[in-house]
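Got a structure here, written out as structure tokens. Questions coming.
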């Protein structure tokens, strides 16, 4: 990306889908335009198809990039069951494209009377010839299975929450049960605003595992239709090169509350083997009807400073309809599972002893704060019979507002025409790559250096940098308030041969960091090896490892204190799971939720942070 393209961002429709998480470009980055038809199997081709009763054929489509002229492409096929060849299927020998058509069908025909119930038939297809694209798939395997179900029945209204886009809606839901395996149940969520098409969700009642098969939603991200599936399905059946282990049991059903927690993937097929997706951005939820509503929700509504200079965080609590009372406690630190379990036991004991303060309505808690850091809220809902329900845990990072954030830092400068001026450093970012452009974005930033630790730098609010004359920031394009709070990116280059990007929050739930150390080259360029710098947005609770998305695939210079006109970063990005590399220098890390300060009179009642 040359200098004249650094701030030349194309128009972006800020729709619900346009504000999705980072797009991961998978498998295909064309180096040249080809004149051949470029035929391929689309990435939308399902890997498994359920055969309906009395069905006699299944159609699989192939596509092409150049639609000029009528062509036929040879097709070969093999059919097996249990690893042995079977002759009950007849497959088209060619895929015929009409002139101007981008799609051609391949028909798989069979005699339904010969199909065995609950038997998996594997059809392996291959297209051949000089008309194929070198970038897309030329082979496709499909599993066919006849598994009869009961008729669909109405189950009432379900509430679907898409956390990635902050959207909730209620729609009718229908259900049916497998006639072969009574533990298998399917739910069909009616079409609505979020999903213009019906959505199918599968539940194994024995294991409580939720599966969302790959399916189109009817929603659009630009010209592409948005598809969904759970992340385990995505990593095992849709996208290659991704570790499925972290997502194996993350989509689950709570039998007590009727809540489905779905680790959902939103993605779209760009054609010729190119797949865009939003990454592991968050959980979706579907609350089934007919269950008690014991849900608790906490939102961080900012902070204020009173006239007597005391500082307060504002946490807003909303309770479910069937919560009679709830206990609310807040503790310093990001508590682990064992600590949380102990706190819950303490709260239950206090409720039993009638020494715990209980609240009967949703409300705002104004909590006096004295220290920047992580805090954990533990809420225990209680039903009308006085029985404690499953706890709700909310961890957040609070940033003190009444501090001088420039204390101890100086702006990096250079001498121009005998005058000392701030350095216009060039920052290169892979976080937003693919959302707006297929190359990493680059823009100018201000850099500060620690007075106490020379060589210890921070980039000043890089994601709050204005990219156009209207004041639009990178965060605005992405849909996160990166301009609220002190979102610095910290770089420890005190050892030029062992440079580390420290875990640095850039917006709600996201942080920049490095998994491997880099080098400071020529005293100006901060260069890191492949897949070492990226965006963190979670921790694997089983392993404690940080979860990453949009890491650089190649060596990159993420910061240049003396950029030249031909500087260029055109690396691709991918999602990986790696631990942080952490330096020993103390950094004033920033908050996950920074909000403007309000000045008000002292509150008559406040809630203090309980000691550990």
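The values are calculated or read from the model by the stated rules, or taken from the named source; none is laboratory data. None of the values given here were measured: they were computed from a predicted structure. Every residue, glycine as well, gets a Cβ built from its backbone with ideal geometry; the counts of neighbours run over all protein chains shown.
Where in the range 115-174 are there strands (runs of 3 or more DSSP E), lying fully within it, with 1 or more residues that are under 23 Å from residue 75 (Cα atoms)?
120-127, 139-146
Another one. Just one of 31, 48 is closer than 21 Å to residue 144 by Cβ, surrounded by fewer than 21 Cβ atoms within 10 Å (Cβ to Cβ), at pLDDT below 90 and under 34 Å from the mean Cα position of the chain (by Cα); which is it?
It is 48.
Within the bounds of the range 496-504, is there any residue that is on the phi > 0 side of the Ramachandran plot, assigned to a loop (DSSP other than H, G, I, E, B), surrounded by fewer than 18 Cβ atoms within 10 Å (Cβ to Cβ) and at pLDDT 65 or above?
no
Next question. Is at least one residue of the range 244-256 closer than 18 Å to residue 46 by Cα and in the same structural domain as residue 160 (by TED's automatic domain parsing)?
No, because not a single residue in the range 244-256 is closer than 18 Å to residue 46 by Cα and in the same structural domain as residue 160 (by TED's automatic domain parsing).
Something else now. (1) in a strand (DSSP E or B); (2) at pLDDT below 90: which one isn't true of residue 280, the others all being true?
Result: residue 280 fails condition (1) only.
Only one residue in 195, 189 is under 31 Å from the mean Cα position of the chain (by Cα), in the same structural domain as residue 220 (by TED's automatic domain parsing) and touching a residue at least 40 places away in the same chain (Cβ under 8 Å), so which one is that?
Values: 195 fails: touching a residue at least 40 places away in the same chain (Cβ under 8 Å).
The unique qualifying residue is 189.
May I pose another question? Only one of 406, 316 is within 30 Å of residue 452 (Cβ to Cβ) and either part of a loop (DSSP other than H, G, I, E, B) or in contact with a strand residue (DSSP E or B) (Cβ under 9 Å, 6 or more places away or on another chain) (or both). Can you tell me which?
The match here is 406.
So which residues in the range 312-330 are more than 27 Å from residue 384 (Cα to Cα) and surrounded by 19 or more Cβ atoms within 10 Å (Cβ to Cβ)?
Within the range 312-330, 312, 313 qualify.
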